[in-house]
Amino acid sequence: MPITLLWAVDVYGRVYSLSTAGQCWVRADDMLLELKRVTAGKDRCWGIGCDHLVYLNIIPSETPIRYREETYENQRWNPVDGFTDVLLPTDRWPWSDVTGMNPQPLHSFQLPSRSWEWEGDWYVDQSCGGEPSQTGGWEYAVDFPANFSPEKKWNSCVRRRRWIRYRRYTAQGTWAKIPLENPRKPPLPLCDISCGGWEMSDQSGRYPYLWGVTQQGQVWFREGIHPRVPEGTSWEEVEVPKEVAQLSAGPGDLLWALLWDGNLLVRTGLSLDSPTGTSWVEVESPGKEMEALHVSVGVSVVWVVTKDYKVWFRRGVNSHNPCGSGWISIGGEMMMVDVGLNDQVWAVGEDRGLYFRMGVTLSEPSGNGWIPVSAQWGSSKEVAPPREECELSGPLTEASQGSVLSCTDSDSEFGPTDPHSPVDTPVVEAEATSQEGKVSVSAPQQDAPKAFIPASDSFINSLVSDRDKPVVQPATVTEEEEREELPPAPVLPAPQPADVPWMNVDLEGAEAARNAQASGRPLSDAPAAATYDLGTLEGSQGVGEEDGPVWAWISGGGCDVDAGSQISWLSPSGPLPSSLSLTPVQSAAWSEQPQQTEHRQEISKKPIERSNSVWVRKGSLRWWRDWKPQRWVDVGVALEQSTKPDGRKDSIFFVYYTQYDEKKYLHVVIHEVTALVPLLRDDYFAFALYTADRTKQRWPLVLAAQTEKDMNDWLELLSGCCCKCRGIAGPPSRRAVWSTTTKGDLMVHEPCFSLEAPANTMPCDLMFWRQVPGHLRCVESNSLGLVWGVGWDGTAWVYTGHCGPTSASQMYEQSDVRSVHVYENQRWNPVTGYTDKGLPTDRPMWSDESGLKECSKANTAPPSPQWSWVSEWTVDYKVPGGTDKEGWQYAADFPTTFHGHKTMKDFVRRRRWTRQCKITVRGPWKQVPPIHLSDISIMPCLAQSRMEQVPVWAISDKGDVLCRLGVTPLNPAGSSWLHVGTDQPFKSISIGGANQVWAIAKDGAVFYRGSVSPQNPAGECWYHIPSPPKQTLRQLSVGRTSVFAVDENGNLWYRQGLTPSYPQGSAWELISNNVTKVSVGPLDQVWIIADGIPGFPTETPGAVCHRLGVGPMQPKGQSWDYGIGGGWEHISVRGNSAEAPRSPHPPPLGPARSPAPQRTVNGSAVCV
């Protein structure tokens, strides 16, 4: 790590630097130099002097700073004198710049300041175009301006040559005054400066920009700063809407300003092309009743100190969002803070000590505690401790004649005011005694009023503010008892009173002392007042140096440290404990003298309050921009999490993108996230982020990662934050709502009582879904904690997460296999017969089942990158409708119903090709061999129910009906399968309350199993139930007292007339259309997977919907509430038995979202 410097200024204007390789503060060589504040950048430090001028200190380096001045000598040929400097009136100047527009004679070049010197005299550049020439440096051309060349031709009428002179910057390592512009008007006296912007470009060695604030609140920008022009060239005023008191520029494109009214301004539009930005945006102060006092910014952080000395951190700050999103309170009481390199934070405490924020990293930009900068100073080997209150008293020595107590501007060209010039400053004179040069100091009491601490602007303001107060000569107070306890003060040479007056340092303390003496109280009851004389500078220390500097300002912009740096003077194991939240008050207590060991132990035993902290995870993803032109966009993302003192966490997820060279961002508050769903999208590892608003708009935030590991890491991180902020931990509860996506991912929702409440029902779009490890096609559960699932390949799985805590020991390898299909299409013509040459209006000759998307065997990939092929493409003969011996299906035209034999009217045909792919994951699922299943159902019950065995019914992949024996909460997999006889294959089955078993055969016939009981789990016989007219049912679900079914056309039917004495019911009633799956719970609640969302025709099929208004008097419900959607396959609410109080007559919840006309089926009125 290179050696860099930390800069600081004490209240007397003395400038100190501290090397990362050293252990001691080093004072500037110029003892007369007095600066109010400094701002450091890489390899340099700027400062504002007491004369309100700007000073610059360039860190010495092996590479000198040289600048090349150049001018061109121009001549024209004439027949008499040849080439001469007598030019035509329309020609350029005889001596000019390269363009010829500006005159530049040799004598016009002057050094910009005393910090430069000439390296030599002017000389002619003998190279032309970078190559040596024999023409004396002359270049020839036909006329001005034209292309010059070193070759003289017959028509060369003009020529030029370049003169060069170098100047060198000689003020490296010293403080050099920036010259004033002439004849341009310089800015008004500056009160604050800040440098930054050196990381705005990737160019190495780029120098910073410099900003300044005048005493009138104007903002100025220093132009022309360049590696070869470190001082810059001129000032440019930047318009501001209000008066500015202080500003801070970060290494990148952040610039914040503090207004006089305590609010903040943010400069937007900063870039290399526009270094001064475009506009201002006002941001309110962190405290509504407390104004901001100081602001400091870094690359992507903003720190603020308010007037009550509280420290605040701005969350969500980024170059795309320079204004941030909110304030976080940070522990500690500070006068000012400064953000340095690597966003490390330095501060001047309320006790005037220097502090460093430890633990600041890219992932935790707010750090986790303050530690003191415990470096040595001067020739002493003692560590400069954090300053205590009222610590401006003590033995004092001579001060610099250019003291910060002087407010007279300097008119000299270089350096501060003449030390021999009189200082026009009001002073408080002390009576001369026989012990001139001594100091009378009284120890402060515990109950003394709080000492006056100057504002961070400068110590001068505090002194000047008393200029109009009457000057009272205090009597010298001496007490024998205190004189014995105090060490003898050094005797200083006493100058003539007429030349050097006595001056008071702590005016407020002196005022209190005078008031105390006037009232007759002893001096020890008042704060200490220290006086000293202004003696000669030689052979003495500066005022206040004996007890360590009293700091006023710090700048870490040039100090290259980070959280892992091993710096001797930043070790938290020194005089302070390495706690996570150490305030300056505590640090002052820990720096007490050794005789206060008991007090130190008391402090160590006290509980330390944890301060707020901010943690950030950043990365790069791809974002699907879903407006035209729709495409994937590379974006930066950041998850910012703040932790409150009470442990509560609040997180925001940011997405930063650029559109038309303008930086923009999206943000999502984590506690508003309702689902994180993996997607199948363009062979990317993608996932969708939902909120309630995005669910209503059907506009999820779709992101993709480069690798599967990156996607899983982000999903785990975001899901963990969502669960923490909602108080969800551990495996799903027994009453969880389970669902699967078309991709095979498992999602669960923890229901609350309001989910099924008859009034004030929780909307579906507010449901929070989290992912459970595993991969299944469908899943069924009940309130006893039993969860079974079926994979795409028909393998049965049982959930083991409820048997104990989910850990690596309960995670099993789970594999799933599914088939991918493409269709080969052909059309018949009289010449060649069936061929792949179709009509222009036909579907592609290789397509998906719908014919809308072109899919060939070569370009068809597995569903997602997690899948891998396990077979080759083969013709599929198991297609609904049958095939011929070659696998073809025939039809009259596209698209119509296909059949397996050719007729005279069939002019098109197709056949399906299939290929299997496999996925392997790990999850809390255990395989139940050996039979493959197509459907499964577990009997729903209330949570307080007790059953020796839980009935589980299933359909095998061959259509056989099975009953699982021995299933209990302790043995969820059961013991064996019991075959239930049927006369035809079945495709769907469901068992409801009171052992009601309903099933659907493959031909659509509906059956009810009679006499099923715990003693006779398989029942006795099947009763045929008439299907709805002209409809073929495909799936059903049985609740406690109701039965719902879905037909092949997506219609939802309700079975009327179910009673204990007649469990088969009487008739079917049409409830709605647009349904693919239905699930009826133990409370007769009805949930479906809808095929589409009304008003969103482009939405991917598969949305979760809840039937509202379901109750004992209204078992059919009244309307639908649409929830999360787009790619959901299955839902099971059969475990949610948390019954909410029901009102006798629930109010109507509005008309149904899919109204339909009335019609009669089986003698009943039906809403179609």
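For the reader, a short list of remarks on this structure follows.
- Within the stretch 321-368, the set of residues being crowded, with 24+ Cβ neighbours inside 10 Å, assigned to a strand (DSSP E or B) and in contact with a helix residue (DSSP H, G or I) (Cβ under 8 Å, 6 or more places away or on another chain) comprises G332, M334, G349, Y355, F356.
- Residues in the stretch 984-1018 that are among the polar types (S, T, N, Q), outside any loop (DSSP other than H, G, I, E, B) and over 12 Å from I938 (Cα atoms): S988 only.
Yes/no per residue for (1) more than 16 Å from R1034 (Cβ to Cβ); (2) of a type in the set (S, T, Y); (3) touching a residue at least 12 places away in the same chain (Cβ under 8 Å):
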{"residue": "S1066", "(1), (2), (3)": "yes, yes, yes"}
{"residue": "L1070", "(1), (2), (3)": "no, no, yes"}
{"residue": "L1083", "(1), (2), (3)": "yes, no, yes"}
{"residue": "V1086", "(1), (2), (3)": "yes, no, yes"}
{"residue": "I1089", "(1), (2), (3)": "no, no, yes"}
{"residue": "F1096", "(1), (2), (3)": "yes, no, yes"}
{"residue": "G1117", "(1), (2), (3)": "yes, no, yes"}
{"residue": "G1126", "(1), (2), (3)": "yes, no, yes"}
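- Reported count of residues in the stretch 828-860, each being open to solvent by less than 30 Å² (accessible area, probe 1.4 Å), in a strand (DSSP E or B) and out of contact with any Phe, Trp or Tyr (no Cβ under 6 Å at 6 or more places or on another chain), is 2.
- Residue match in the stretch 916-924 (condition: farther than 30 Å from W846 by Cα, basic (K, R) and assigned to a strand (DSSP E or B)): yes
- Per-region count, the stretch 249-280, residues open to solvent by 30 Å² or more (accessible area, probe 1.4 Å), of a type in the set (D, E, K, R) and in contact (Cβ under 8 Å) with a residue 60 or more places away in the chain: 0
For (1) among the aliphatic types (A, V, I, L, M); (2) under 18 Å from Q1064 (Cβ atoms); (3) more than 58 Å from the chain's Cα centre (by Cα); (4) open to solvent by 20 Å² or more (accessible area, probe 1.4 Å), each residue gets a yes or a no:
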| site | (1), (2), (3), (4) |
| --- | --- |
| D960 | no, no, no, yes |
| D983 | no, no, yes, yes |
| A994 | yes, yes, no, yes |
| W998 | no, yes, no, no |
| G1010 | no, yes, yes, no |
| S1013 | no, yes, yes, yes |
| A1018 | yes, no, yes, no |
| C1021 | no, yes, yes, yes |
| I1025 | yes, yes, yes, no |
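- Flag for A973 being open to solvent by 50 Å² or more (accessible area, probe 1.4 Å), in contact (Cβ under 8 Å) with a residue 60 or more places away in the chain and hydrophobic (A, V, I, L, M, F, W, C): no
- Unmet criterion (only one of (1) more than 46 Å from the chain's Cα centre (by Cα); (2) outside any loop (DSSP other than H, G, I, E, B); (3) among the charged types (D, E, K, R)) for K1077: (1)
- Candidates L676, L666, L680: the one that is surrounded by 21 or more Cβ atoms within 10 Å (Cβ to Cβ), out of contact with any His (no Cβ under 9 Å at 6 or more places or on another chain) and on the phi < 0 side of the Ramachandran plot is L676.
- For H979, the conditions (1) farther than 22 Å from L776 by Cβ; (2) touching a residue at least 60 places away in the same chain (Cβ under 8 Å); (3) not in a loop (DSSP other than H, G, I, E, B) all hold with the exception of (2).
- Condition check for G785: touching a helix residue (DSSP H, G or I) at 6+ places or on another chain (Cβ under 9 Å) and open to solvent by less than 30 Å² (accessible area, probe 1.4 Å): yes
Quick grid of which residues meet (1) surrounded by 21 or more Cβ atoms within 10 Å (Cβ to Cβ); (2) outside the structural domain of Q916 (by the TED database); (3) modelled with pLDDT of 95 or more:
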site: L755; (1), (2), (3): yes, yes, no
site: T761; (1), (2), (3): no, yes, no
site: P773; (1), (2), (3): no, yes, no
site: D793; (1), (2), (3): no, yes, no
site: T800; (1), (2), (3): no, yes, no
site: G804; (1), (2), (3): no, yes, no
site: S807; (1), (2), (3): no, yes, no
site: V820; (1), (2), (3): no, no, no
site: Q826; (1), (2), (3): no, no, no
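- For the stretch 1042-1057, a residue qualifies if it is open to solvent by 20 Å² or more (accessible area, probe 1.4 Å) and touching a Ser or Thr at 6+ places or on another chain (Cβ under 6 Å), and the qualifying residues are E1048, Q1056, G1057.
- The lone exception for A141 - which of (1) modelled with pLDDT of 90 or more; (2) open to solvent by 50 Å² or more (accessible area, probe 1.4 Å) it fails: (2)
- Scanning the stretch 666-686 for residues that are of a type in the set (A, V, I, L, M, F, W, C) and either in a strand (DSSP E or B) or in contact with a Pro (Cβ under 8 Å, 6 or more places away or on another chain) (or both) yields L666, V668, V669, V673, A675, L676, V677, L679, L680, F685, A686.
- Of all residues in the stretch 793-803, those being aromatic (F, W, Y) and within 39 Å of the chain's Cα centre (by Cα) number 1.
- Residue in the stretch 929-939 that is assigned to a loop (DSSP other than H, G, I, E, B), of a type in the set (A, V, I, L, M, F, W, C) and open to solvent by less than 10 Å² (accessible area, probe 1.4 Å) present: no
- Boolean, V240 is open to solvent by less than 20 Å² (accessible area, probe 1.4 Å), among the hydrophobic types (A, V, I, L, M, F, W, C) and within 23 Å of K307 (Cβ to Cβ): no
- Residue match in the stretch 862-881 (condition: more than 28 Å from K987 (Cα to Cα) and of a type in the set (V, I, T)): no
- Residue match in the stretch 1117-1125 (condition: touching a Phe, Trp or Tyr at 6+ places or on another chain (Cβ under 7 Å) and either crowded, with 23+ Cβ neighbours inside 10 Å or on the phi > 0 side of the Ramachandran plot (or both)): yes
- In the stretch 861-878, the residue that is farthest from H901 (Cα to Cα) out of those that are in a loop (DSSP other than H, G, I, E, B) and at pLDDT 90 or above is V870.
- Only one of the numbered conditions (1) open to solvent by 10 Å² or more (accessible area, probe 1.4 Å); (2) in a loop (DSSP other than H, G, I, E, B) is violated by S815, and that is (2).
- Among the residues of the stretch 703-742, the one identified as farther than 19 Å from F654 by Cα and in contact with a Leu (Cβ under 6 Å, 6 or more places away or on another chain) is T740.
- Residues being in contact (Cβ under 8 Å) with a residue 24 or more places away in the chain and part of a loop (DSSP other than H, G, I, E, B) - total across the stretch 710-735: 6
- Positions within the stretch 1-10 being open to solvent by 10 Å² or more (accessible area, probe 1.4 Å) and either closer than 18 Å to L33 by Cα or not in a strand (DSSP E or B) (or both), in sequence order: M1, P2, I3, T4, W7
The values are calculated or read from the model by the stated rules, or taken from the named source; none is laboratory data. Only a predicted model underlies this, so the values are computations on that prediction, with no experimental measurement involved. Every residue, glycine as well, gets a Cβ built from its backbone with ideal geometry; the counts of neighbours run over all protein chains shown. Just so you know, the surface numbers come from the protein's heavy atoms only, side chains and all, with ligands and any DNA or RNA stripped out. Shrake-Rupley method; radii C 1.70, N 1.55, O 1.52, S 1.80 Å.
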